[in-house]
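In what follows, a structure is listed as structure tokens, so that the remarks can point back to it.
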Amino acid sequence: MKETMHIYYDTESDYLEIRFGEPTESYYDKIGEDTFVRVDEKTGDKKGYAIFNVQKSTSPLKTIDVEIPISLLKVLKTKSTNNGYKNI
């Protein structure tokens, strides 16, 4: 099974979600103001991030540093090589 990254933004609720792989039973840990990491209940792996009030924030979001699962990085590297793109 290939690892994928799912990015979802809901303009009405001003909610951004980034998920790695297929959905699993997870919980969220707060890691910053309106920012949460999604953690797999069984494995403890980071499965994504959720950010609330992206546009409504009084301190505009400039950058968020997140850890990307190594399995996803391998897939991205393989796809970029196969499509003739330069590796990051």
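Structural remarks
- Residue in the range 15-34 that is surrounded by the most Cβ atoms within 10 Å (Cβ to Cβ), counting only those that are at pLDDT 90 or above and touching a Phe, Trp or Tyr at 6+ places or on another chain (Cβ under 7 Å): LEU16
- Residue within the range 18-27 that is in contact with a Ser or Thr (Cβ under 6 Å, 6 or more places away or on another chain) and touching a residue at least 40 places away in the same chain (Cβ under 8 Å) present: no
- Strands (runs of 3 or more DSSP E) contained in the range 1-45 and holding at least 2 residues in contact with a Leu (Cβ under 8 Å, 6 or more places away or on another chain) and either of a type in the set (A, V, I, L, M) or under 14 Å from GLN55 (Cα atoms) (or both): 5-10
- When restricted to residues that are farther than 22 Å from ILE70 by Cβ and either touching a Gly at 6+ places or on another chain (Cβ under 8 Å) or of a type in the set (S, T, N, Q) (or both), the range 10-34 contains 2.
The values are calculated or read from the model by the stated rules, or taken from the named source; none is laboratory data. None of the values given here were measured: they were computed from a predicted structure. Ideal geometry is used to build each Cβ from the backbone, glycine not excepted, and the neighbour counts take in all protein chains shown.
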